[in-house]
Each structure stands twice: as C-alpha cells, then as structure tokens.
Amino acid sequence: MAGNLPKADHGPNRRESVSEFANDLGLERGVTGYAYHSVPVALYAWLRHSDDFRAALTAVLDCGGDTDTVGAIVGALMGAQLGRGAIHRNVSV
C-alpha cells in the first residue's frame with residue numbers, strides 16, 4: 001500500500017477524477033475490497049472532495065467494484081470531517 005498512498009496524497013493536486021485515479025491504479029474494472037485498493041481510492045476521494053459529502057461518495061460509487069467497502073470508508077472519513085449535519089444536508093433518504 002505504501003506505493004499507492006503517496007499517489008492518493010498528490011492526486012488531488014493534479015485534479016484528476018476519482019475514476020481516473022482508480023484507473024491509474026489499474027482498477028478499471030472497479031475498486032476491490034483489498035485494502036491496497038480501497039483505502040487509497042477512498043483517501044483520494046476524501047481529499048478531492050473534502051467539503052462535499054455527496055460528491056465524494058458518488059465519485060467512489062461510480063468507480064464500481066466493491067462499492068459497499070469503499071463507500072463505507074469514504075462515508076466514515078467525510079462524516080468525521082464534516083459532521084452529521086453534512087450527511088443530512090447532502091443525502092436524501
């Protein structure tokens with residue numbers, strides 16, 4: 001994972017989409033539940049969309065694959081950063 005984590009940190013500066021980032025990691029067919037894949041993509045989405053819960057979650061779900069795992073990671077990161085109110089504001093249930 002050490003090889004993919006620096007990519008997650010520098011990726012937002014390049015302004016590539018979360019899908020493009022996942023593709024750069026070789027995950028064109030979707031993000032797997034393997035931590036070396038799901039964690040860097042989730043971190044990238046969190047960094048890329050740090051103020052928009054819906055955008056971060058939608059971006060990782062659009063990558064396909066093990067969406068429940070990567071979505072849960074992003075949801076936890078975004079919820080911890082933005083608080084409960086951001087989730088209710090941006091996601092209709």
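The values are calculated or read from the model by the stated rules, or taken from the named source; none is laboratory data. Keep in mind the model is a prediction, meaning the values are calculated, not measured. With ideal geometry, Cβ positions are generated from the backbone for all residues, glycine too; neighbour counts draw on all protein chains shown. We work out accessible area using only protein heavy atoms, side chains counted, and drop any ligands, DNA or RNA first. Shrake-Rupley method; radii C 1.70, N 1.55, O 1.52, S 1.80 Å.
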task: Measure off 7 Å from each Cα along the Cα-to-Cβ vector at Asp62 and Ile87, then give the distance between these two points in nanometres to one decimal.
output: 2.3 nm
query: Sorting Arg54, Arg15 by accessible area (1.4 Å probe), largest first, what list results?
result: Arg15, Arg54
query: Label 7 Å along Cα→Cβ of Ala72; the stretch 14-49 residues with amide nitrogen under 17 Å?
result: 31-43
